[in-house]
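The values are calculated or read from the model by the stated rules, or taken from the named source; none is laboratory data. Please read all numbers here as calculations on a predicted model, not as lab measurements. Neighbour counts are summed over all protein chains in view; Cβ atoms, including those assigned to glycine, are modelled from backbone coordinates with ideal geometry. Just the protein is used for accessible areas: all its heavy atoms, side chains included, with ligands, DNA and RNA removed. Shrake-Rupley method; radii C 1.70, N 1.55, O 1.52, S 1.80 Å.
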Amino acid sequence: MEIKLVNVGFGNIVSANRIVAIVSPESAPIKRVVGEARDRGLLIDATYGRRTRAVIIADTGHVVLSAIHPETVAHRVGGREAVEEETESPDRG
């Protein structure tokens, strides 16, 4: 089995083979998932202090926070690199 890696922002890499879901962090159920992962020690914050724009859920129970949009991560998982990575510049609001 080939190991496929995906950049989730700022040079942080996640195994694409382990990703179960890539979701927006806005809903209460996802906020609960993030909180539970934090409590269990399974939360990985790859935002570098930026706003969380995507929550990546792995089959291991790990939850990765990313500062890039879910659609961008999904395109990268699919093998298409995003043209611009706007979120690696400082947030403006």
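Among residues of the stretch 1-16 being within 14 Å of the chain's Cα centre (by Cα) and open to solvent by 50 Å² or more (accessible area, probe 1.4 Å), the one that is farthest from residue 65 (Cα to Cα) is 5. Tell me which residues, restricted to the stretch 59-75, are among the hydrophobic types (A, V, I, L, M, F, W, C), crowded, with 18+ Cβ neighbours inside 10 Å and either touching a residue at least 60 places away in the same chain (Cβ under 8 Å) or out of contact with any Gly (no Cβ under 6 Å at 6 or more places or on another chain) (or both). Matches in the stretch 59-75: 63, 64, 65, 68, 73. The single condition among (1) open to solvent by less than 60 Å² (accessible area, probe 1.4 Å); (2) modelled with pLDDT under 95; (3) not small (Gly, Ala, Ser) that residue 91 does not satisfy is (1).
Taken over the stretch 17-47, the criterion of being exposed (fewer than 15 other Cβ atoms within 10 Å of the Cβ), in contact (Cβ under 8 Å) with a residue 12 or more places away in the chain and among the small types (Gly, Ala, Ser) is satisfied by 21, 24.
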